[in-house]
Amino acid sequence: MPTISMFYGILIKMFFDDHAPPHFHAEYGEYELIVAISPIKIIKGDAPKRVRSMVLEWTALHQEELLLDWELCKNMQPPVAIEPLE
């Protein structure tokens, strides 16, 4: 599962050839979120409110890039790294 971004201790990852809908995994310590890319929403998991807010903000800023990475991973190609949240 490639890591495509990392910020404030949050790892953003995508699986190769994963199931629909387009989504990514956000890991923060023992917490994990599964986040849909379009529409943006948390599908599953839990994390502190601040982490959820940062992940959703980052997703909104990089939605197009995430969809492109989703297609790459779906086709078993390495995703492109995405800028972290600053």
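No value in this document is a laboratory result; all are computed from the given coordinates. Every value quoted in this text rests on a predicted model; they were computed, and no experiment measured them. Here Cβ is always computed from backbone atoms with ideal geometry, including for glycine, and neighbour counts include all displayed protein chains.
So which residues in region 46-61 are without any contact (Cβ under 8 Å) to a residue 24 or more places away in the chain and in contact with a helix residue (DSSP H, G or I) (Cβ under 9 Å, 6 or more places away or on another chain), if there are any at all? Even if it seems obvious, please write down each step before you answer.
From region 46-61, those without any contact (Cβ under 8 Å) to a residue 24 or more places away in the chain are 46-50, 52-53, 56, 60; that's our starting set.
Within region 46-61, Asp46, Ala47 meet the criteria.
Restricting the search to region 33-60, which residues are part of a helix (DSSP H, G or I) and either closer than 13 Å to Met14 by Cβ or under 12 Å from the mean Cα position of the chain (by Cα) (or both)?
Passing the criteria: Arg52, Met54, Val55, Leu56, Glu57, Trp58, Thr59, Ala60.
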Query raised in the report: Is it true that some residue in region 19-32 is assigned to a loop (DSSP other than H, G, I, E, B), touching a His at 6+ places or on another chain (Cβ under 8 Å) and either in contact (Cβ under 8 Å) with a residue 40 or more places away in the chain or among the polar types (S, T, N, Q) (or both)?
Result: no
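Would you be able to tell me the number of residues in region 56-86 that are of a type in the set (Val, Ile, Thr) and either more than 17 Å from Ala36 (Cβ to Cβ) or in contact with a Leu (Cβ under 6 Å, 6 or more places away or on another chain) (or both)?
1
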Requested in this report: Filter region 1-42 for residues that are in contact with a helix residue (DSSP H, G or I) (Cβ under 8 Å, 6 or more places away or on another chain), among the aliphatic types (A, V, I, L, M) and over 12 Å from Met54 (Cβ atoms) and give the result.
Outcome: Ile4, Met14, Ile37, Ile40, Ile42
Report summary line: Going through region 1-18 in order, the residues found to be within 13 Å of Leu66 (Cα to Cα) and assigned to a strand (DSSP E or B) are Thr3, Ile4, Ser5, Ile12, Lys13
Query raised in the report: Could you list, in sequence order, the residues of region 67-86 that are in contact with a Pro (Cβ under 8 Å, 6 or more places away or on another chain), crowded, with 16+ Cβ neighbours inside 10 Å and in contact (Cβ under 8 Å) with a residue 60 or more places away in the chain?
Result: Asp69, Cys73, Pro79
